[in-house]
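The values are calculated or read from the model by the stated rules, or taken from the named source; none is laboratory data. Computed from a predicted model, the values in this text were never measured in an experiment. Virtual Cβ from ideal backbone geometry, glycine too; neighbours counted across all protein chains shown.
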Amino acid sequence: MSYFNWKKLGVIAGLSLSLTIAGCGQGNSNDESTANVSEEMEYTITGIEPGAGQTETNEKAIAEYDSLAGWEQKTSSSAAMLTALGEAMEKEEPIVVAAWSPHYMFAKFDIKYLEDPQGVFGEEEHIATLVREGLKDDMPGAYTILDRFHWELPVLEEALLKAQEMDFDFEKVAQQWVDENQETVEEWTEGVDPVDGTPIDLVLTPWDAESFSTNVAKIVLEQKGFNVSLTPVDPSVMFEAVATGDSDATLSPWMPATHGALYEEYEGQFEDLGPNLEGAKIGLAVPSYMDIDSIEDLEPAE
């Protein structure tokens, strides 16, 4: 019998004794439970690629949290992590994984972030829309659409799950989303006059959420007659392109932490239209059936 089935039976059997033991030993039982869970996971975080930024942050968490003393991080790939997560959840086994939002894992699996009292993983971030100086005067219609462009996190993650099911064909998934959400598109484009082939370039980081989001923006702008090109680049090139006017806009910067240094380097050379998505973050996550809520609920290896 699995640990979690055993636990459920134990809870039921113990209800009749709850009044008599309330003040003497309940804490010890919880300590033993979290210790057993940590031991069952072999004091291991299931991570992603060895060179990823989050992999380094996970190592920092292992070093800074007493509850993770003696833990190790198993690195491989994002795909391998997601496979391990799915297999553990099918068996209702405990697992701690590297997680980030937006990502389809939160639409596909019932998982939750562990609280990070020491702030190792940083605060929640937002994804910003930046445009080159002068865009409002040169292309008022495009400026208006980009200024209105905004996602709710669950909506974007559901779309990313659809992208995963369609082999990450972002052009196809974006077109399907636009076709099925014309009311939202009309809110973004209300009052915008059509143009006749005005070229506009959107620069983006080649990450899943940003690729999907920017492809949606491309289709919406094209519906108003713009001739849209997409240019995937590294983050440093992305900021430089918008600051110098080589590109017209980007929907990809993570702020204030991830791309904060680049933002400061070019600040004043672009216009910030604010968040197009809020609630972006990284951290450690577990299945929601696990009875822990914080990194500090884990137990160090003996």
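Scanning region 159-196 for residues that are of a type outside the set (V, I, T), more than 21 Å from P206 (Cβ to Cβ) and surrounded by 13 or more Cβ atoms within 10 Å (Cβ to Cβ) gives N181, W188. Of all residues assigned to region 280-290, at least one qualifies as being surrounded by fewer than 17 Cβ atoms within 10 Å (Cβ to Cβ), at pLDDT 95 or above and within 30 Å of L85 (Cβ to Cβ).
Would you mind finding the one in S38, S101, S76, S67 that is of a type in the set (S, T, Y) and closer than 23 Å to P235 by Cβ?
Details: S38 fails: closer than 23 Å to P235 by Cβ; S76 fails: closer than 23 Å to P235 by Cβ; S67 fails: closer than 23 Å to P235 by Cβ.
Sole residue among the options that is of a type in the set (S, T, Y) and closer than 23 Å to P235 by Cβ: S101.
For region 128-140, check the following and say yes or no: at least one residue is of a type in the set (K, R) and within 30 Å of V192 (Cα to Cα). Yes: region 128-140 contains one or more residues that are of a type in the set (K, R) and within 30 Å of V192 (Cα to Cα).
Among the residues of region 121-133, are any assigned to a helix (DSSP H, G or I) and closer than 27 Å to E42 by Cβ? Looking for residues that are assigned to a helix (DSSP H, G or I) and closer than 27 Å to E42 by Cβ, one finds none in region 121-133, hence no. Looking only at residues in region 68-91 that are in contact (Cβ under 8 Å) with a residue 60 or more places away in the chain and loosely packed, with under 13 Cβ neighbours inside 10 Å, the one that is nearest to Q118 (Cα to Cα) is G70.
Is it fair to say A261 is out of contact with any helix residue (DSSP H, G or I) (no Cβ under 9 Å at 6 or more places or on another chain) and loosely packed, with under 14 Cβ neighbours inside 10 Å? Walk me through how you get there before you give the answer.
Values: out of contact with any helix residue (DSSP H, G or I) (no Cβ under 9 Å at 6 or more places or on another chain): yes; loosely packed, with under 14 Cβ neighbours inside 10 Å: yes.
In short, yes.
Which one is surrounded by the fewest Cβ atoms within 10 Å (Cβ to Cβ), of the residues in region 200-230 that are under 16 Å from T184 (Cβ atoms) and among the hydrophobic types (A, V, I, L, M, F, W, C)? Of everything passing the filter in region 200-230, I219 is surrounded by the fewest Cβ atoms within 10 Å (Cβ to Cβ).
Of the helices (runs of 4 or more DSSP H) entirely within region 1-119, those holding at least 2 residues that are at pLDDT below 95 occupy 3-14, 18-21, 26-40, 53-64, 78-90.
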